[in-house]
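The values are calculated or read from the model by the stated rules, or taken from the named source; none is laboratory data. The shown structure was predicted, so the numbers you read here are calculated from the model rather than taken from an experiment. Virtual Cβ from ideal backbone geometry, glycine too; neighbours counted across all protein chains shown.
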Amino acid sequence: TNAQLQTMMDQGVTAALAARDALRSYTQHFQELALLCRRMFSKEADKIEKYVGGLPDMIHGSVVASKPKTMQEAIEIATELMDKKVRTFAERETASKRKFENTSRTTRN
């Protein structure tokens, strides 16, 4: 039914947004810890490697492949990729809903 489809879509969008929020939280906490542990991250490359290593699997490979040179670049790439994943998911959900609604209308006629 439409209500079930809407519930499934809402859950999917909620999960995608939660993943984006988790990335933001991870980034903020990582930056705070990096400030507290300057000796541990004496080189920018070490900091980037540790940050990228903790990213979600869905964007990790793409960030590694982009070879960021600075922490800021790594953060921007990760954020952009995650936002793109959320947008893509929302677009797919909208397209699926339209297909379902069109199929339902066709079946009823």
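Data for the structure
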quantity: Residue list for segment 23-49, restricted to those being of a type in the set (Ser, Thr, Tyr) and under 19 Å from the mean Cα position of the chain (by Cα); calculated: 25, 26, 27
quantity: Members of segment 29-49 found to be exposed (fewer than 11 other Cβ atoms within 10 Å of the Cβ), assigned to a helix (DSSP H, G or I) and at pLDDT 85 or above, listed by number; calculated: 32
quantity: Residue within segment 23-38 that is of a type in the set (Val, Ile, Thr) and in contact with a Phe, Trp or Tyr (Cβ under 9 Å, 6 or more places away or on another chain) present; calculated: yes
quantity: Cβ-Cβ under 8 Å pairs, at least 6 apart or on other chains, segment 80-99 side acidic (Asp, Glu), far side surrounded by 12 or more Cβ atoms within 10 Å (Cβ to Cβ); calculated: 83/20; 93/9; 93/12; 93/13
quantity: Cβ pairs under 6 Å, 6+ apart, first in segment 11-22 and under 15 Å from residue 79 (Cβ atoms), second among the β-branched types (Val, Ile, Thr); calculated: 16/86; 20/86
quantity: Complete set of residues in segment 55-91 that are part of a loop (DSSP other than H, G, I, E, B) and farther than 14 Å from residue 19 by Cβ; calculated: 67, 68, 69, 70
